[in-house]
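The values are calculated or read from the model by the stated rules, or taken from the named source; none is laboratory data. Note that this is a predicted model, so its numbers are computed, not measured. Here the Cβ is made from the backbone with ideal geometry for all residues, glycine too, and neighbour counts use every protein chain on show. Each accessible area value is taken on the protein alone, full model and side chains, heavy atoms only, with ligands, DNA and RNA left out. Shrake-Rupley method; radii C 1.70, N 1.55, O 1.52, S 1.80 Å.
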Amino acid sequence: MRSLQAQCHQQVLGTRGLQVSIREDPGACPLCGGPMVVQKSVPRHAATLEHGPFEARETVHVCQRRCRHPSGALLTRRAQALEGRLPAGNVVGYDVLVQVGIARFGHHRQREEIRGALEAEHGITISTGEVSRLAARFLQYLSELHQARSEALRAALQSDGGWPLHVDATGEDGRGTLLVVFTSWRRWVLGSWKVPTESVEAILPRLREVVRGFGAPCAVMRDLGRAMIPAVDDLVAELDGPLPVLSCHQHFLRDIGGDLLDSAHGELRLLFRRWKVRPGLRALARDLGHRLGTEIAEARAALEIWQTAGDGSHRLPEGRDGLAVVRGCVQWVLDYQADSTYRSFPFDRPYLDLYDRCRRARRAAAAFLRSPPQDRSVRQALKRCGRVLDAILDDTRAAQVVSTLRARAVLFDELRDTLRLGAPCCREAPVQNPVLKTPPRTGETVTELRDIRGDLDRWVSTLRQRRPARGPAQDTRQAIDLVLAHINRHGNSLWGHAIKLPAQAGGGIRLVERTNNIQENFFHTMKHGERRRSGRKILTQDFERLPAAAALACNLRRPDYVAILCGSLERLPAAFAQLDAQRREARLAARPAEPTAKEVFQGIVETASLPTADRRIVRSDAMTWRVLQAARSRAPRTYKKVG
């Protein structure tokens with residue numbers, strides 16, 4: 001196989017510099033039926049994946065009677081073999097264009113990677129700047145083809161019984177905001193645009209554009225943004241018939257959690273920074289590591305032996321092994337993020353996890369000091385660790401904040417369990433038990449949705465009963481009021497996911513996703529690919545320069561979308577060539593508009609060019625002599641105002 005591949009590669013490279021003469025039978029003139037004659041032979045350099053680099057000599061035919069298109073252009077016939085493979089005025093073919101576009105936006109390759117692959121596999125040499133230009137042209141072609149196939153895509157969506165509209169925006173550091181309209185049943189991107197900011201004026205016209213192209217959706221899933229809610233409401237008001245507008249349960253839960261926990265969690269973070277707990281622990285771990293020096297491997301082995309001892313004596317070993325144990329305890333505190341479920345705040349409360357580890361480590365240090373080791377260096381390291389932890393644990397304000405945060409976190413976790421969006425981790429479980437991490441569940445049947453709604457109604461009823469009417473429990477009362485306010489505001493949009501399908505679609509009921517996670521995962525995958533390409537963690541500049549149509553390129557991973565768009569990815573270059581052919585036919589068939597007298601006058605006045613007829617007059621010696629003569633005259637410097 002390697003030998004055959006090398007042989008084919010050599011055959012492709014063998015076309016470099018090869019001259020190919022292309023002459024096709026032009027047939028009769030389509031306008032007058034007369035013969036077509038040779039006008040000229042044009043040499044063209046070309047490079048395609050199919051043939052490699054070569055030089056073509058194309059014969060152009062013209063009507064013998066000089067017939068012209070309605071646009072006024074002379075009727076000519078070019079070689080169809082080249083027009084179907086090379087864009088007009090370009091050297092590389094459509095297949096190279098597609099190869100570059102898929103590699104850039106489908107596989108997120110770097111420009112040098114794409115350039116090197118084309119040269120190594122196909123013998124085509126282009127610059128990195130040409131790679132960027134071809135990638136941008138690929139997105140232009142793809143956007144035009146997406147719009148050209150909108151009727152076929154619309155028919156496919158309607159055959160499913162409709163399509164749910166998911167709308168969301170993403171960006172990086174507030175820049176490069178990308179608005180995407182997505183359908184969850186087909187996993188298609190129906191539209192993507194760059195918007196200056198999330199506002200009604202920027203979102204609503206784009207939603208209208210999608211509805212005009214693909215028809216009215218059967219439901220709308222949105223987040224709880226201040227601009228997204230009125231934009232979707234205005235769109236639904238313009239459509240005929242009722243349309244369920246659904247709020248994302250994940251965004252709903254995140255908004256409540258942010259309002260509940262953000263102030264207390266933020267204050268706890270400031271207290272940790274005030275007492276410099278993490279810097280103190282890092283400095284201690286670093287100093288102990290330097291003290292262990294070259295014996296760090298033996299120290300790690302001693303720490304593993306101490307972990308498995310379990311004799312219940314709570315005594316630290318002496319010397320090097322004792323320092324290794326203290327260092328391990330400090331590192332265990334600093335590894336507080338291991339208690340997280342990696343779902344970000346408010347689902348994870350990292351500084352509450354850090355406080356819990358500090359409290360447990362301080363208790364362990366006190367137990368170790370009840371039977372202190374004989375080695376003075378081990379005792380000093382243990383006491384130093386205790387002093388760093390005591391700074392935050394002895395702060396009464398920190399204790400009050402943690403108490404408030406725990407109470408509110410319990411309320412948030414109850415709502416999270418009620419909505420079945422993932423169980424909270426078991427924070428008070430013994431250390432020998434693994435942390436419970438269950439994936440988020442979504443309602444997959446009507447029965448599950450009905451059960452979730454019933455559970456929420458019962459929980460809200462008990463919450464109203466638990467609300468203290470008076471007394472010192474002011475924070476509890478405020479937290480419950482906050483949750484109830486969110487539910488009263490968005491409760492109507494939390495349900496309505498069961499969509500009745502029409503008879504032509506098979507009838508029955510199909511459910512819309514309860515969350516916008518499918519679109520959030522789409523954004524995550526897109527950003528992960530851009531980070532792979534650029535090597536940068538912060539994508540501020542990359543997302544600001546990324547074209548909006550890059551989201552449409554992700555549709556090429558969907559076989560059903562590709563089948564409607566062009567049949568297969570191998571036929572995508574031919575579809576791009578067909579677009580150019582249709583564009584040429586439309587341009588030649590269009591009659592030039594007769595300019596009005598006002599347009600002609602404005603065109604002459606506004607132009608800054610020097611026409612040939614004027615140039616002969618202006619550049620004459622007589623014109624120069626008259627100007628110089630007037631300039632040298634002794635005319636008065638005061639001018640009489642003409643009334």
Row for the range 62-134, column shape: gyration tensor on C-alpha, a ≥ b ≥ c, rounded if a/c < 1.5 i.e. under 1.5, prolate if a/b over b/c, else oblate; value prolate
Here the range 210-223 yields Karplus 3J(HN,Hα) values (6.51, -1.76, 1.60; θ = phi - 60°; whole Hz; Gly and Pro given as x) of 5, 5, 5, x, 10, x, 6, x, 8, 6, 10, 10, 9, 8
The ³J(HN,Hα) series, computed from each phi in the range 151-156 with the Karplus coefficients 6.51, -1.76 and 1.60 at θ = phi - 60°, rounded to the nearest Hz and given as x for glycine or proline, is 5, 5, 5, 5, 5, 5
Taking 532-544, 211-223 and ranking on average Cβ neighbours within 10 Å, highest first, one gets 211-223, 532-544
Ranking SER263, SER184, SER143 from most to least accessible area with a 1.4 Å probe gives SER263, SER143, SER184
Once Lys and Arg are counted +1 and Asp and Glu -1 for all other residues with Cβ under 13 Å from that of LEU303, the total becomes -1
Length gained if ALA399 through GLN474 is fully extended, taking 0.36 nm per residue and subtracting the Cα-Cα distance, is 25.3 nm
Counting only residues 5 or more apart in sequence or on a different chain, those whose built amide H sits under 5 Å from that of ARG68 are LEU75
Rounded to whole angstrom, the alpha-carbon centroid of the range 358-418 lies from that of the range 279-307 at a distance of 21
Here the FRET efficiency for ARG363 versus SER534, based on Cβ atoms and R0 = 51 Å and rounded to 0.05, is 0.65
Of 29-35, 574-580, 447-453, ordering from highest average Cβ density within 10 Å down gives 574-580, 447-453, 29-35
A correct Stokes-Einstein calculation for the range 58-181, using the alpha-carbon Kirkwood radius, 25 °C and 0.890 mPa s, returns a whole-number D in µm² s⁻¹ of 133
Per residue, accessible area of the range 301-410 with a 1.4 Å probe, heavy atoms of protein chains only, in Å², comes to 48
Protection proxy (average C-beta count within 10 Å per residue), highest first, orders 552-564, 511-523 as 511-523, 552-564
